[in-house]
Amino acid sequence: MSEANLPPCGPDGAPVTDPGRRSFLAALLSIGAATMTAILSLPLMRYVLYPLEARTTEIQWSDVGPVSELQPGSAPVKRLIQIEQRDGWRKLVSEKAVYVVQDSAGKLRVLSPICPHLGCSVGWQEASNHFVCPCHGGTFAEDGTRISGPPRRAMDELETKIEDGMLKVHYQYFQQLVPTRQVLS
Amino acid sequence: MPTENSVNIPQSGFLHWLDRRTGWRGMLRTALDEPIPGGARLAYIFGSGLLFLFISQVVTGVALAMYYVPSADHAHTTVAYITKLVTSGSLLRSIHAYGASGIIVLLLLHITQTFIYGSFKGRRELLWMSGCILLLLMLGMAFTGYLLPWDQKAYFATAIGTNIASEVPFIGGWLKRLVRGGDEMGTLTISRFYLAHVFLLPALLFAFIGSHVFLFRKAGPAGPIDEDPVAPKQPTEPFYPRQVVMDVGFTLLLIVGLWLFAHFHPIELGPQANPSDTQYLPRPEWYYRGPFEWLKFWEGPASIIGILIIPAVLGGIFFFAPLLDHSKERRPWKRPIAVGAFAGVLVGIVTLTTMSYHDDAVDLSVATKLLQQQEADKEYMRAPFEPDSSAATPAAANVALANPQAAKGKNIFEEQSCNACHGDGGTGTAAAPKLIGISAKYSPPQIEALLKDPTPKMKAGGMPTPQLKPEEMDELVAYLASLK
């Protein structure tokens, strides 16, 4: 298409505005439109990126039970705790077992029953006064220290705190088959 | 090939190259230099405004679809998640919901302007008809989108809306079930409405908006009311710059207005739809209040006249207006019947709408009930977001074990680390098969036999033989048999 084919522009056939003003206006409109688009995309970007920001490293504490009821004395006590995982708009609740033990100073400690060998759950055997792993026979003392078998370290201790008389635990998983306790998630 | 003497677009190596490949300068010039007989006017801004609002609906709609799940058990939770938690979620949802109302308002203005100006006349039959179809499609979008949040008002308003389909003679009942996906409203209704709202209607809208703009450019702008619609005589002015500036200014106003309104008056979400609620008083959105009131006047066999025949006849006349009215006369005062009829219908709709709101306001019991429902919505909005914890999670399903023996068996299952390989609740992992449904394959004695003496294949997979007392074995077997 050539310029000559364009329709007449003004009442007298001449362009309504001179080329300089026209291109200035074009630039102004383009810049304005670009700015508007950028401003409008801001909430959109924040909306899309929300799950990235919301995934905080905030520690999830699960209730183990009131301290007053948890005086295991010599034998470890098994407790089921609920751990809650948030998956976007869903809440996933799963039940995990933990063992509450008391050290010589009377302090409550919570042990993960997951065997540091290959991940079976270790159980307290009252008859032998040991924790025994049913899979490969690893044994642990009542405070979780390793006695015998394939595991390379003691049972893993979980982080605890006491709030309003309630013992709370931060449930975590640990790397298996290594001699030291390494947090997985 | 476009000439290189263009002065209004800056020259550069890249743009020049792009132009030779695409011819974008020519297209841009064709778009911007469209001649408007009689010059640019504010009366012509509504079409561009509609196009902008449509784009806004597409962008915000796509954003909403990012977190929305179209099913009866998740729709409401996901909309609550968007509204209460996600950054800017409430703003985008409000812009989407109010944008729908904005489109209806602009459609009314656009149609009124076109009709009063007689701009549908002279070789513009298809342009007008494509516009009528766009109106229907937009009303369809408003209707289907309204259900998706699945709150009380959405559910009950749509229940009434879909009931109207059963007024159609002969196939009415079947039509209603087709729309709902069954006799009752439920998760299949959401699927159908979602499909229509997100795929079918938008596809048709894109197609018809495209043809509407194409047909408009083919016929050319009709110009002012004293212009000949076929062979315009008045001096023309190009679309760019004055009409563009007016259109952009109006769009800017729409953006700011919509944004401010959405920000200061965010749209609410009510409590989740409760189909067993027999007390709920449903009311449609304001643009369906007229038809809603109209339905009150028709009862019994005569209702087919009011609900079907009258709207169909009026719609037909409206749709075929360019064929029924051949004259090139555009001045409204020279077309008293057409303009009078149009105004009559418009006044009728406004009157019915006003009556509907008035009826609700003067009937004390209705007004109280509606106020209560509004309060319930506000209360729900104040409550913090409650994440979905459906029974699909293994723990929730297992907690509900009714059989105490099986409940004890569950503890043994976990103590013995069965869940380490077979998964929580026997859901199975990569290491061992799932145990859910095992009772369909083996009887309890067979399960016990397998536990005491695993097959070579089981042993090869690392299956130990649990050392249990007889009653513990019974409990474990009871638990395994209960996994369904």
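The values are calculated or read from the model by the stated rules, or taken from the named source; none is laboratory data. The model shown is predicted, which means the values in this text are computed figures rather than measured ones. Every residue, glycine among them, receives a Cβ derived from its backbone with ideal geometry; neighbour counts consider all protein chains shown.
See the values below:
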quantity: Residue pairs meeting the criteria (Cβ under 7 Å; at least 6 apart or on separate chains; first free of Cβ contacts under 8 Å to residues at least 24 places away in the same chain and outside any loop (DSSP other than H, G, I, E, B), in the stretch A:127-152; second among the aliphatic types (A, V, I, L, M) and surrounded by fewer than 16 Cβ atoms within 10 Å (Cβ to Cβ)); calculated: A:HIS130/A:ALA141; A:HIS130/A:ILE147; A:THR139/A:ILE147; A:PHE140/A:ILE147; A:ILE147/A:ALA141
quantity: Total residues in the stretch B:248-271, condition β-branched (Val, Ile, Thr), touching a helix residue (DSSP H, G or I) at 6+ places or on another chain (Cβ under 8 Å) and within 22 Å of B:THR83 (Cα to Cα); calculated: 2
quantity: Answer residue from the stretch A:10-31, given it is within 52 Å of the chain's Cα centre (by Cα) and loosely packed, with under 11 Cβ neighbours inside 10 Å and is modelled with the highest pLDDT among those; calculated: A:ILE31
quantity: Per-region count, the stretch B:366-405, residues modelled with pLDDT of 85 or more and either more than 14 Å from chain A (Cβ to nearest Cβ) or part of a helix (DSSP H, G or I) (or both); calculated: 18
quantity: Segments classed as helices (runs of 4 or more DSSP H), wholly inside the stretch B:270-365, with at least 1 members that are aliphatic (A, V, I, L, M) and over 28 Å from the mean Cα position of the chain (by Cα); calculated: B:310-319, B:321-324, B:336-362
quantity: Residue within the stretch B:38-59 that is within 30 Å of B:TYR146 (Cβ to Cβ) and facing another protein chain (nearest Cβ under 10 Å) present; calculated: yes
quantity: Any chance B:ALA207 is of a type in the set (A, V, I, L, M), over 28 Å from the mean Cα position of the chain (by Cα), surrounded by fewer than 18 Cβ atoms within 10 Å (Cβ to Cβ) and more than 12 Å from chain A (Cβ to nearest Cβ); calculated: no
quantity: Hits in the stretch B:72-82 - residues which are surrounded by 22 or more Cβ atoms within 10 Å (Cβ to Cβ) and more than 9 Å from every other protein chain (Cβ to nearest Cβ); calculated: B:ALA75, B:HIS76, B:VAL79
quantity: Restricting the stretch A:77-102 to residues that are within 8 Å of another protein chain (Cβ to nearest Cβ) and touching a Leu at 6+ places or on another chain (Cβ under 7 Å), the residue that is nearest to A:GLY123 (Cα to Cα); calculated: A:ALA97
quantity: Criterion (closer than 30 Å to A:ALA27 by Cβ, out of contact with any strand residue (DSSP E or B) (no Cβ under 9 Å at 6 or more places or on another chain) and within 14 Å of chain A (Cβ to nearest Cβ)) met by exactly one of B:PRO235, B:PRO241; calculated: B:PRO241
quantity: Residue in the stretch B:264-276 that is among the polar types (S, T, N, Q), more than 30 Å from B:GLY38 (Cβ to Cβ), in contact (Cβ under 8 Å) with a residue 12 or more places away in the chain and within 14 Å of chain A (Cβ to nearest Cβ) present; calculated: yes
quantity: Meets criteria (farther than 30 Å from B:ALA80 by Cα and surrounded by 11 or more Cβ atoms within 10 Å (Cβ to Cβ)) for B:PRO322; calculated: yes
quantity: Candidate set: the stretch A:116-126, residues that are under 14 Å from A:GLN176 (Cβ atoms) and not in a strand (DSSP E or B); chosen: the one farthest from the other protein chains (Cβ to nearest Cβ); calculated: A:PRO116
quantity: From B:GLY118, B:GLY186, B:GLY122, residue being closer than 28 Å to B:HIS76 by Cα and not hydroxyl-bearing (Ser, Thr, Tyr); calculated: B:GLY186
quantity: Among the candidates A:PRO113, A:PRO151, residue that is more than 30 Å from B:VAL79 (Cα to Cα), at the interface with another protein chain (Cβ under 10 Å from one of its Cβ atoms) and of a type outside the set (Gly, Ala, Ser); calculated: A:PRO113
quantity: Looking only at the stretch A:153-165, and only at residues there that are under 21 Å from A:GLN71 (Cβ atoms) and not in a strand (DSSP E or B), the one that is nearest to the chain's Cα centre (by Cα); calculated: A:MET155
quantity: Test: residue in the stretch B:240-255 that is surrounded by fewer than 19 Cβ atoms within 10 Å (Cβ to Cβ) and within 30 Å of B:VAL69 (Cβ to Cβ); calculated: yes
quantity: Selection count where residues are at positive phi and surrounded by 14 or more Cβ atoms within 10 Å (Cβ to Cβ), scope the stretch B:427-443; calculated: 1
quantity: Residue match in the stretch A:85-101 (condition: of a type outside the set (A, V, I, L, M), in a loop (DSSP other than H, G, I, E, B) and farther than 25 Å from A:VAL178 by Cα); calculated: yes
quantity: Residue within the stretch B:406-416 that is within 14 Å of another protein chain (Cβ to nearest Cβ), under 47 Å from the mean Cα position of the chain (by Cα), buried (at least 18 other Cβ atoms within 10 Å of the Cβ) and not acidic (Asp, Glu) present; calculated: yes
quantity: Flag if B:PRO266 is modelled with pLDDT under 95 and surrounded by 13 or more Cβ atoms within 10 Å (Cβ to Cβ); calculated: no
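Listed here are the residues, each with its yes/no results for (1) modelled with pLDDT of 60 or more; (2) more than 10 Å from chain B (Cβ to nearest Cβ); (3) under 30 Å from A:ASP87 (Cα atoms).
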position	(1), (2), (3)
A:PRO8	no, no, no
A:ALA33	yes, no, no
A:SER41	yes, no, yes
A:VAL48	yes, no, yes
A:ALA54	yes, no, yes
